[in-house]
Every structure is written in C-alpha cells, then in structure tokens.
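Please read the structure below before turning to the comments.
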Amino acid sequence: MNYSEKSGRDDITLRAIILGLILVPINAYWVGISSEQWYCMFTLVNPFSNAIFTLTFLITVGFFLRRISSKLALSPAELLVIYVMVTMVSTISGHTTMTPLLATLTQPYWFATPENEWQSLFWQYIPSWMTVSDMDVLSGYFTGESGFHVMENMKAWLVPVMVWSAFIFFLYFSLLCISSILRKQWTENEKLSYPIIQLPLAMAADRKFYKTKLMWIGLAVAGSIRFFNGIHDLVPAVPSIPYTYRIDQFVTEKPWNAIGYVTLFFNLGIVGLTYFMPLNLSFSCWFFFWLTRFERVFASAVGWNQLYLNERASGAWIGVALIALWLARRHLVAFGKHLLGLEKMDDSKEPMRYRTAAIMLVVCLLVLVLFCRFAGMSIWAILVFFAIYILFAIAIARVRAELGPPYHEVVGINPRGIMVQMFGSRRLLGNNLTIMSFIYPFNRCNRAHPMPCQIEAFKIAERTGMNNKRLVQAILLAVGFGAIASFWSYLHFTYHYGTLGRLQGWIGNAGWEVYNPLQAWLQYPQGTDVKALQFMGGGFLFVTFLHIMRTRFLWWPLYPSGYVLSGGAWGGMVYFWFPVMVSWMIKSIILKYGGIKTHRKATFFFLGLVLGDFTLRSIWSIVSLVFKVYMPSSGAGWN
C-alpha cells in the first residue's frame with residue numbers, strides 16, 4: 001500500500017499526547033474490567049482490538065470535525081501516536097500482565113493454610129514493601145461490596161503500587177532501549193515486513209483505504225457475523241453462527257484420545273490478519289500444530305509418559321533469539337565500536353542516540369537488579385533471570401517483526417521454570433524462587449509482550465515520517481501513567497465486585513499458577529533436570545537446522561518461527577490453527593490463479609475482515625459492560 005501522505009516530523013503534537021494520556025486510563029479500565037468481569041480478553045490477539053476501535057473512533061470523530069475546520073481533525077501522525085500509547089497501556093492491563101501480577105501480590109497471605117504451609121515455606125522471603133499482608137485490607141479485595149477509595153485501603157496499597165509501577169516502567173524502558181538499538185538492523189538492513197502494522201497504518205495514513213469497495217465488503221461480512229451473534233446474545237431466540245466447534249470430544253478411544261485440545265475456531269478476523277503472513281509461515285504453524293498432536297498419539301500408543309514439549313520449545317525460543325543476534329552481528333559490532341569511539345555510526349534518525357540508548361539500558365537494568373537484590377535475590381540468579389527474559393523478548397519481537405503472527409501465547413515456558421530445570425530448586429533456594437515467582441507474571445504467556453509493540457511503533461514512525469524521538473517520549477509517558485492507571489482500575493473494580501465474588505475472570509485463581517509450583521519446589525527440593533536440558537538443546541538444534549534449511553534452500557517450506565509458535569504443550573496455535581489454515585489455503589489459491597496483482601488488491605478485503613470483526617466485538621463489549629450482560633460476541637470466553 002502507498003502511504004503517500006507523509007506526516008511531518010513535528011506532527012506528534014502536544015494535543016495528541018494529551019489526548020493519548022486521557023485515553024490511557026480509559027483503555028486501562030476497559031481492558032481490565034472486560035477481562036475480569038466476563039473473561040473478555042482484548043490482548044489475546046495482535047493488534048489489540050480495543051486499540052483498533054479507539055483508532056476507529058478517533059477517525060470517525062475527525063471526519064465530522066473536518067467539516068467544521070480541517071485543523072480540528074487529527075493528522076495521521078497524531079492518530080498513530082495515540083494508537084501506540086493505547087497499545088502500550090494494553091500490554092500492562094488485562095489478563096496477560098495485571099491479572100497474574102495482582103493475584104501474585106494478594107494470594108500468598110489470603111490462601112495460606114496449615115495444610116499448604118505457605119507461611120513457613122516462603123512468607124519470610126516476601127519483603128513488606130512488595131505486597132499487602134493486612135487481612136482486613138485484603139478482605140474487600142477478595143469478597144467485594146467494598147471500596148478502594150478508603151484511607152486504610154489506599155494507604156496499604158500506596159507503596160506496592162508505586163514500587164511495581166516503577167518496576168514496570170524500567171522494565172519496559174529497558175526493552176525500548178534494546179528496540180532502539182535493533183531498529184536499524186531489522187527495519188533497514190534486513191527489511192523485515194512487520195505485517196501486524198498494516199491495519200493501523202492503512203486506517204490512519206492510506207487515502208485509498210476508505211474508498212475501496214473490497215474493504216467495505218470485508219468489513220460487512222465479518223461485522224455482520226459479529227452483529228447477528230451479538231443480537232443472539234441479547235435475544236437467544238435469534239439464531240447464531242457458532243464461533244467454535246470442539247472436535248476432540250469425539251475422540252475417546254486410545255491412543256487417539258491423547259490428541260489433546262483441538263477445536264475449529266471460526267474467526268474471520270484471524271483469517272484477515274494471517275493473510276499477511278508469508279505462506280510458508282502459515283503452513284508451518286498449522287503443520288507443527290498437527291505434528292505435536294500426532295506426537296501425543298504416538299507417545300500414548302508406545303507408552304511414553306513425557307514428550308518434553310515445553311522444554312523443546314524453550315530451547316527453540318532461545319535459539320530464535322540467538323539466531324536473530326547472529327544475523328545482527330555486524331550491526332552490533334559496529335554499535336560497540338561506535339560506543340568506544342572507534343567507528344562512527346549515523347544515529348541521527350534513531351529513536352535514541354546509540355550512546356543514550358546504551359546508557360539508559362544500563363541504568364534500567366541496574367534499577368531492576370537493585371530491585372531484585374533488595375527483595376532478596378542473589379546477584380547470579382538476577383543476572384541469569386534477566387538474560388533469559390531479554391532473550392525471550394528479542395525472540396518474540398523478532399518473530400512478530402519478521403512474520404507477524406497475530407497470536408504467540410507461550411504458556412509454561414518462562415525464565416523461572418527454565419532456571420529450576422537448569423539449576424534445580426535445591427540450589428536456587430527459597431529466596432530466589434520466591435522473588436522469581438513474583439516476577440513470573442511478566443512472562444506468564446507473552447501474548448501481549450511490550451517489545452514487539454515497541455519495535456512496531458518505530459516501524460510505523462519510519463513508514464509515516466513521524467518524529468520517533470518524540471514517539472519515545474509518548475511511549476514512556478503511556479507506560480508510566482498506564483501502570484498506575486492499570487493498578488487503580490483493577491483495585492477499583494476488585495474492591496467493588498470481589499475477585500472471589502462477582503468477577504468471572506481469571507484473577508481469583510491466577511495465583512495458584514505462581515504458588516503451587518513454588519510450594520512443591522520448597523517442600524520437595526530437586527536438582528538439575530538433565531533430561532529437560534537435553535530436550536532444550538534438542539529444540540535449539542532443531543530451529544538451527546530449520547534456519548539453515550530456510551536460508552540455503554528456497555524450496556524448504558518450514559520456518560523456525562512456525563515451530564516455536566506451535567511446538568509447546570499449550571499456546572501458539574492451540575486456538576487459531578484452523579483460521580490460519582483457511583487463510584493459507586485462500587492466499588495460496590489467490591497467488592496461484594490471480595497472481596501478485598490480485599493478491600495486493602485482496603489485501604483491502606482482508607483488512608476489512610479484521611476491522612469489521614474488531615469493531616463489532618468492541619461495540620458489543622461496551623454494551624455488555626453497560627448493561628452487565630454476558631455476551632460471547634464481545635470476545636468473552638475466547639470467542
């Protein structure tokens with residue numbers, strides 16, 4: 001698409017940043033309450049549907065304002081910087097980050113019993129400034145029918161909220177520095193495609209987008225399905241079009257019943273998004289999904305009890321990160337020489353000057369290290385933990401920038417689990433295990449990871465001519481303000497409804513993922529899991545093999561990214577393999593019989609599918625929240 005309407009370098013105006021800051025707490029609350037009241041997850045799929053709806057709303061308002069005065073309407077750069085700010089706060093709020101974080105902060109005291117021995121096992125390792133232990137303060141949080149804006153509650157939460165908001169800010173800032181360092185390599189040297197940004201770019205900066213009939217047809221098709229299913233939610237007598245159909249329910253005999261969770265998920269929005277993925281990647285995603293399913297069946301048939309799927313995927317993700325760094329080796333060497341004054345690199349157009357990015361990265365990492373050290377972790381454990389965290393961040397950002405999968409859930413694969421397998425809980429000891437458990441929410445499932453959103457924001461700036469230095473300021477403001485706004489939003493509605501009361505989301509149970517493993521590791525200390533490490537090495541070698549085959553043989557159809565997205569025990573393509581396969585089939589037919597010209601024209605139709613699905617989904621979400629009605633069409637229950 002041609003984004004000929006370039007935004008001037010000064011188009012990120014003060015009014016856009018102020019408007020973005022107004023929309024940050026609104027979206028923080030919207031994402032959070034939707035997630036917890038009806039289990040409606042806006043951050044399940046990228047781009048986030050609430051951010052797309054916010055952009056749609058601003059463009060619609062701008063259409064009417066432009067009739068009064070062209071100066072009143074927001075420019076493309078203003079629209080996109082607001083979109084980026086809303087996206088960044090959405091990575092904090094909601095089911096992916098804030099839900100498990102608040103559950104982690106509150107549940108070790110509330111659910112402690114003589115039977116689980118939590119008090120004797122790890123209470124002594126929890127610093128008082130990290131969480132709230134007052135049972136009277138926690139009572140309203142869990143049971144509801146209370147209010148957060150009571151002096152006693154606000155006073156108890158003040159320090160933990162400020163401490164964890166600062167932790168989020170410096171964690172995100174560190175990733176922003178890494179994104180700034182890698183931007184030129186990925187965007188200009190390797191020319192990665194960044195498929196996820198196609199829709200917001202087209203909406204804000206492509207003059208042809210709203211004049212194309214194919215876009216409106218796609219919007220009408222996907223939007224109609226959401227519309228009529230929403231009417232069905234309100235009036236059950238109206239027939240609906242099902243979103244999902246479980247097929248594993250019919251597989252009941254051994255060994256086939258070992259196939260696990262398999263569902264046909266009918267989502268035209270996902271079909272539209274995956275149309276922009278390379279054909280071989282979309283093929284690799286559903287191919288590896290089914291390969292792991294047949295592995296389960298084969299293992300059941302021969303009597304194997306353990307396939308080590310997550311361990312293999314862990315090694316594979318680390319392999320993807322190391323491959324990305326290896327491909328960037330010349331850029332990183334030049335970057336190092338630039339820092340030492342041995343070689344000059346042109347960084348005038350970078351989001352941050354390279355020396356500034358390096359200094360701020362060191363400062364952010366130092367703050368994070370000190371945070372964990374004061375909390376009680378050992379220095380060596382802190383360094384290993386954040387090394388693994390950063391490798392995962394680079395891997396996920398790389399996969400998104402290169403290939404654009406809309407869904408990259410990574411459950412059961414995180415620094416805490418990997419370190420227990422590497423060193424054993426016996427060597428890590430209670431202090432390290434406990435504090436790592438408190439940081440676990442930032443790597444629980446990774447589907448709303450901040451670094452891919454940051455690197456995509458820089459690509460948006462490059463495509464539209466935005467002032468990327470001012471974009472960095474906007475991102476940091478959104479993160480800093482958004483962290484506090486997310487905490488406030490959650491504490492406001494949890495004290496009103498109660499996490500164990502009227503809220504139907506995951507927040508009442510998310511803490512068990514944190515503390516049940518911690519309890520087991522402390523009660524039954526274990527050593528290094530040698531076999532798990534061997535399978536991690538196998539996963540690393542496998543993606544290395546896939547990378548070599550992809551680079552040396554053009555006919556090779558399997559991507560390393562396809563394996564990491566589908567190779568784990570849960571996540572990746574578990575929900576969306578079917579729409580990915582449908583999109584792959586449609587795109588294959590279009591390219592074979594219509595050619596590249598037809599493929600390019602069809603992009604408007606598929607963007608319309610995404611916009612129609614996301615817009616109606618968001619509208620029904622607002623309706624469900626206003627009228628307090630459970631509506632699967634709003635996305636509740638993964639629909």
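The values are calculated or read from the model by the stated rules, or taken from the named source; none is laboratory data. Everything quoted here is computed from the prediction, not taken from an experiment. Cβ placement follows ideal geometry from the backbone for every residue including glycine, while neighbour counts extend to all protein chains displayed.
Observations, loosely collected:
To keep it simple, each residue is scored yes or no on (1) farther than 15 Å from F170 by Cβ; (2) in contact with a Phe, Trp or Tyr (Cβ under 8 Å, 6 or more places away or on another chain); (3) polar (S, T, N, Q).
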{"residue": "K349", "(1), (2), (3)": "yes, no, no"}
{"residue": "A357", "(1), (2), (3)": "no, no, no"}
{"residue": "L361", "(1), (2), (3)": "no, no, no"}
{"residue": "L368", "(1), (2), (3)": "no, yes, no"}
{"residue": "F371", "(1), (2), (3)": "no, yes, no"}
{"residue": "A375", "(1), (2), (3)": "no, yes, no"}
{"residue": "L391", "(1), (2), (3)": "yes, yes, no"}
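- Subset of the range 139-155 [over 12 Å from T106 (Cα atoms) and out of contact with any Gly (no Cβ under 6 Å at 6 or more places or on another chain)]: E145, G147, F148, H149, V150, M151, E152, N153, M154, K155
- For the residues S133, S139, the requirement of being small (G, A, S), surrounded by 14 or more Cβ atoms within 10 Å (Cβ to Cβ), without any contact (Cβ under 8 Å) to a residue 40 or more places away in the chain and over 25 Å from R373 (Cβ atoms) singles out S139.
- Among the conditions (1) farther than 24 Å from F606 by Cβ; (2) assigned to a helix (DSSP H, G or I), G230 misses just one, which is (1).
- Flag if I126 is under 30 Å from N432 (Cα atoms) and among the β-branched types (V, I, T): yes
- Contact map, the range 316-340: residues that are surrounded by fewer than 17 Cβ atoms within 10 Å (Cβ to Cβ) paired with residues that are part of a helix (DSSP H, G or I) and modelled with pLDDT of 95 or more, Cβ distance under 6 Å, separation 6+ or inter-chain. Pairs shown: L339/A358.
- Residue tally, condition farther than 27 Å from R400 by Cβ, aromatic (F, W, Y) and either touching a helix residue (DSSP H, G or I) at 6+ places or on another chain (Cβ under 8 Å) or exposed (fewer than 15 other Cβ atoms within 10 Å of the Cβ) (or both), over the range 194-251: 4
- When A112, A156 are screened for being free of Cβ contacts under 8 Å to residues at least 12 places away in the same chain and touching a helix residue (DSSP H, G or I) at 6+ places or on another chain (Cβ under 8 Å), only A112 passes.
- The residue of the range 144-167 that is surrounded by the most Cβ atoms within 10 Å (Cβ to Cβ), among those that are under 13 Å from M130 (Cα atoms) and among the aliphatic types (A, V, I, L, M), is V161.
- Restricting the range 283-310 to residues that are assigned to a helix (DSSP H, G or I) and not hydrophobic (A, V, I, L, M, F, W, C), the residue that is nearest to G571 (Cα to Cα): N310
- The range 514-541, residues that are surrounded by fewer than 16 Cβ atoms within 10 Å (Cβ to Cβ), in contact (Cβ under 8 Å) with a residue 60 or more places away in the chain, more than 29 Å from the chain's Cα centre (by Cα) and in a helix (DSSP H, G or I): Q523, K531
- Exactly one residue out of T551, T544 is part of a helix (DSSP H, G or I), at pLDDT below 95 and among the hydroxyl-bearing types (S, T, Y): that is T551.
- Considering L44, L72, L80, L101, the condition of being surrounded by fewer than 24 Cβ atoms within 10 Å (Cβ to Cβ) and in contact (Cβ under 8 Å) with a residue 24 or more places away in the chain is satisfied by L44 alone.
- Residue within the range 192-201 that is more than 25 Å from W577 (Cα to Cα) and under 22 Å from the mean Cα position of the chain (by Cα) present: yes
- Pairs linking a residue in the range 165-189 that is closer than 17 Å to I390 by Cα to a residue that is acidic (D, E), with Cβ atoms under 7 Å and 6 or more positions apart or on different chains, are S180/E350; R183/E350.
- Only one of the listed residues (A357, A313) is touching a residue at least 40 places away in the same chain (Cβ under 8 Å), under 24 Å from S561 (Cα atoms) and buried (at least 17 other Cβ atoms within 10 Å of the Cβ). That residue is A313.
- Helices (runs of 4 or more DSSP H) (entirely within the range 555-639) containing at least 3 residues that are within 30 Å of G505 (Cβ to Cβ) and either free of Cβ contacts under 8 Å to residues at least 12 places away in the same chain or among the β-branched types (V, I, T) (or both): 595-627
- One residue alone among I596, I586, I590, I548 is over 26 Å from the mean Cα position of the chain (by Cα) and farther than 30 Å from Y210 by Cα, and that residue is I548.
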